[in-house]
Amino acid sequence: MLLASYKSTRPGLQGIANRVIRFRLRGPYSHSEIVFEPTDGVDDLMPDGSAAPVDGALWCVSSVAAEKLPAWSQTRAGRYGGVRFKRIALSPQRWDFVRLHGDARQAAVRARIHEGGLYDWQQ
């Protein structure tokens with residue numbers, strides 16, 4: 001299990017949001033994801049039943065404010081904002097990584113329980 005922190009800047013409005021968040025937080029990152037790896041033993045908890053990469057993308061989980069939740073989301077599918085699983089191809093040019101030594105299974109269970117849940121300021 002990894003923590004991936006986004007250090008790049010996306011184009012358009014998302015890029016403006018990246019800059020604003022980094023400025024507000026006074027740091028180099030605008031977003032972080034928990035990344036589940038094939039060796040984490042959480043296949044059964046992933047949305048498609050596998051933690052193996054697909055086209056180089058791994059399952060990640062985080063909470064987002066302005067992204068539409070996927071149709072298979074357990075709660076609030078199709079609505080904007082909340083905890084979501086997403087496959088992301090994580091290039092080292094855009095992300096920094098830290099290995100997490102916690103219980104990957106416990107993290108995945110917690111993410112599934114809170115899937116669709118909003119940031120506290122959105123409620």
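The values are calculated or read from the model by the stated rules, or taken from the named source; none is laboratory data. Since the model is a prediction, treat every value here as computed from it, not as a measurement. In this analysis, Cβ positions are derived from the backbone assuming ideal geometry, glycine residues included, and neighbour counts consider all displayed protein chains. Side chains are part of the model used for accessible areas, which takes the heavy atoms of the whole protein and leaves out ligands, DNA and RNA. Shrake-Rupley method; radii C 1.70, N 1.55, O 1.52, S 1.80 Å.
Just a few scattered comments:
- Residue, modelled with the highest pLDDT, within region 54-80, restricted to residues that are assigned to a loop (DSSP other than H, G, I, E, B) and open to solvent by less than 70 Å² (accessible area, probe 1.4 Å): Gly56
- When residues in region 85-101 are screened for being open to solvent by less than 70 Å² (accessible area, probe 1.4 Å) and closer than 16 Å to Ala51 by Cβ, 6 of them pass.
- Take the conditions (1) among the small types (Gly, Ala, Ser); (2) open to solvent by 50 Å² or more (accessible area, probe 1.4 Å); (3) out of contact with any strand residue (DSSP E or B) (no Cβ under 8 Å at 6 or more places or on another chain); Ser50 misses just one of them, which is (2).
- Residues satisfying the stated conditions in region 1-27, i.e. assigned to a loop (DSSP other than H, G, I, E, B) and either free of Cβ contacts under 8 Å to residues at least 60 places away in the same chain or open to solvent by 100 Å² or more (accessible area, probe 1.4 Å) (or both): Thr9, Arg10, Pro11, Arg26, Gly27
- Checklist (1) more than 13 Å from the chain's Cα centre (by Cα); (2) under 20 Å from Tyr119 (Cβ atoms); (3) not basic (Lys, Arg) applied to Val64, failing item: (1)
- Count of region 29-46 residues, restricted to those that are touching a Lys or Arg at 6+ places or on another chain (Cβ under 9 Å) and under 13 Å from Val83 (Cα atoms), is 1.
- Reported count of residues in region 86-107, each being hydrophobic (A, V, I, L, M, F, W, C) and at pLDDT below 95, is 0.
- Of all residues in region 28-42 being under 10 Å from Trp59 (Cα atoms) and open to solvent by 50 Å² or more (accessible area, probe 1.4 Å), the one that is nearest to the chain's Cα centre (by Cα): Ile34
- The set of residues from region 24-47 being among the small types (Gly, Ala, Ser) and either in contact with a strand residue (DSSP E or B) (Cβ under 8 Å, 6 or more places away or on another chain) or modelled with pLDDT of 95 or more (or both) comprises Ser30, Ser32, Gly41.
- Pair list, Cβ < 6 Å and 6+ apart or interchain, from region 45-59 residues that are more than 15 Å from Trp72 (Cα to Cα) and free of Cβ contacts under 8 Å to residues at least 40 places away in the same chain to residues that are of a type outside the set (S, T, N, Q) and assigned to a loop (DSSP other than H, G, I, E, B): Ala51/Phe36; Ala51/Val42; Gly56/Ala89; Ala57/Ala89
Condition check ((1) within 14 Å of Glu37 (Cβ to Cβ); (2) assigned to a loop (DSSP other than H, G, I, E, B)) across all residues:
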site	(1), (2)
Gly82	no, no
Arg87	yes, no
Leu90	yes, yes
Gln93	no, yes
Asp96	no, no
His101	yes, yes
Ala108	yes, no
Ile113	no, no
Gly117	no, yes
